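The values are calculated or read from the model by the stated rules, or taken from the named source; none is laboratory data. Bear in mind the structure is a predicted one, so any value in this text is a computation, not a measurement. Every residue, glycine as well, gets a Cβ built from its backbone with ideal geometry; the counts of neighbours run over all protein chains shown.
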Amino acid sequence: MNWDDLRLFLTTAEEGSFRQAALKLNLGHTTLSRRIETLEKNLGTKLFNRQSRGLELTPAGDEMLRTAKPVGQQFNELQVRMFGQDQVPRGNINLTVPCLFIDYLLLDAINEFCQRWPEITVNINSSLEVMDLSTKEADIAIRMTSSPGEQLIGRKVGVFCEAAYASPEYLEAYISDKKPFHRWISPGDNYKFVVELNDPYKTVQPHHIQLVVAEPHTQMFCAEKNMGLAMLPCVMADINPNLRRISNYVHRSDVWLLAHKDSRANKRMQLFREFLTEVFAENEQKMQGSN
């Protein structure tokens, strides 16, 4: 067994399907499947059961995952440490990222990165405008999408989830007044409300749009002011002490970390991509609203 086989196995086990693992590894689906089959043949044991709903680890695969996962983490940490030994990385990194990720997930982490690599300058663009990586308007992008561009390199780093939130005062008034419907703060005229509210806040009446507010921070402020229910990102609203979550969470989009192919071998870009990937992995539950 060589390290590359172990790396492919770990990613496949974590993703639960050849297709998702192949996307993350930037390999062809059939190539990855063939490599895993060769690994199983060389080991003399099956690592995965192929099922219609995805891959399931066999007992041997489960044992291999428990043993190999710490090795993979140590290897990645060593790779990052050794990557900067020969020369100190320096220069600019232009990052485009939605504002809410900066405010609620990444700012402290980026500060830590800047302290670790003081000769790298991180320029953050957190506007709603989508910067073009192909024309080098940005070096690295964090985007909420399920279909990243083929000309880009990257990986899925999380999921973007929302849920329904309201102030305790609003909810108390709703119950005491026995209102037939909720007032909603909508992010847009065409927004699809697919959430199921918890008891006792369910209603059979259609959604009544009280306000249309595009910006998530303003939606949250309106909800705090008892103006209605708002569908808000879990990563932002779960930590707000003035709001209460009253629904299941809804998966709205995948989150991808993307860069142009030309930056693949750039030292500072690689360091930053690996760093951000670790930050998203550490905050997976917060992103999913399952804290």
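Exactly one residue out of Ser176, Ser186 is of a type in the set (Gly, Ala, Ser) and surrounded by 13 or more Cβ atoms within 10 Å (Cβ to Cβ), and it is Ser186.
For Arg252, the conditions (1) under 19 Å from Ser146 (Cα atoms); (2) buried (at least 19 other Cβ atoms within 10 Å of the Cβ); (3) of a type in the set (Lys, Arg) are fulfilled apart from (2). Only one of the listed residues (Leu243, Leu276, Leu258) is in the same structural domain as Pro200 (by TED's automatic domain parsing) and crowded, with 17+ Cβ neighbours inside 10 Å. That residue is Leu243. Right, Glu37: in a helix (DSSP H, G or I), charged (D, E, K, R) and at pLDDT 90 or above or not? It is true that Glu37 is in a helix (DSSP H, G or I), charged (D, E, K, R) and at pLDDT 90 or above. For segment 88-124, the tally of residues that are out of contact with any helix residue (DSSP H, G or I) (no Cβ under 7 Å at 6 or more places or on another chain), surrounded by 15 or more Cβ atoms within 10 Å (Cβ to Cβ) and not in a loop (DSSP other than H, G, I, E, B) stands at 7. One residue stands out in segment 40-54 among those that are in a helix (DSSP H, G or I) and touching a residue at least 24 places away in the same chain (Cβ under 8 Å): the one that is surrounded by the most Cβ atoms within 10 Å (Cβ to Cβ), namely Leu43. Whenever a residue of segment 12-27 is farther than 15 Å from Met64 by Cα, its partners that are assigned to a helix (DSSP H, G or I) and among the polar types (S, T, N, Q), lying with C-beta atoms within less than 8 angstrom and at least six residues away or across chains, give the pairs Phe18/Thr12; Phe18/Ser33; Ala21/Thr11; Ala21/Thr12; Ala22/Thr31; Lys24/Thr11; Leu25/Thr11.
Highlighted here are the helices (runs of 4 or more DSSP H) found entirely within segment 154-262 that include at least 3 residues which are more than 23 Å from the chain's Cα centre (by Cα) and touching a residue at least 40 places away in the same chain (Cβ under 8 Å): 168-177.
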